[in-house]
Amino acid sequence: MPATGPDFISLQTRGLAASQAFYQHYLGLVRSQTGPPHAVVFETKPIAFALRDLVPGTDLDSVPQPGIGAAIWLHATDVQAIHDALAADGHTIVSAPVDGPFGRTFTFADPDGYHVTLHDRG
């Protein structure tokens with residue numbers, strides 16, 4: 001039977017509580033009541049998005065950018081406001097907001113250095 005498509009995205013974090021707070025504060029994500037104790041699963045649609053403790057043997061400090069080569073895009077309803085809040089608080093903006101085929105779009109680095117792109121066109 002063939003795969004039917006992406007169903008779950010999870011990022012390993014150096015500090016689960018700090019990463020959870022970042023995504024809740026800046027992106028407004030809400031924690032789901034489901035999920036294992038070593039992870040935070042958010043109520044995102046259509047694909048579940050989660051943060052988890054590091055898997056044994058994973059050293060995020062040994063790479064210049066975790067997740068390099070993978071593109072993580074999340075839909076948001078007010079991309080510019082999220083950008084402005086991140087920039088005002090000194091978080092790394094990888095690419096400034098632009099308007100394009102996916103609407104207002106920009107990329108930031110999260111607390112672990114993952115590059116995450118937000119866009120507002122559904």
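The values are calculated or read from the model by the stated rules, or taken from the named source; none is laboratory data. Keep in mind it's a predicted model, so treat the numbers as computed, not measured. Quick reminder, even Gly has a Cβ in these numbers, built from the backbone with ideal geometry, and neighbours come from all protein chains shown. Accessible surface areas use protein heavy atoms only, side chains included; no ligands, DNA or RNA. Shrake-Rupley method; radii C 1.70, N 1.55, O 1.52, S 1.80 Å.
Looking only at residues that are β-branched (V, I, T) and open to solvent by 50 Å² or more (accessible area, probe 1.4 Å) in region 1-21, which one is modelled with the highest pLDDT? Ranking the qualifying residues of region 1-21, first place goes to I9.
Could you count how many residues in region 66-76 are more than 17 Å from I47 (Cβ to Cβ) and either modelled with pLDDT of 95 or more or not aliphatic (A, V, I, L, M) (or both)?
The total comes to 2.
Of all the listed residues (R121, R52), the sole one being touching a Gly at 6+ places or on another chain (Cβ under 6 Å) and not hydroxyl-bearing (S, T, Y) is R121.
Just to be sure, is T92 at pLDDT 95 or above and over 22 Å from D120 (Cα atoms)? Taking the combined requirement at face value, the residue does not satisfy it.
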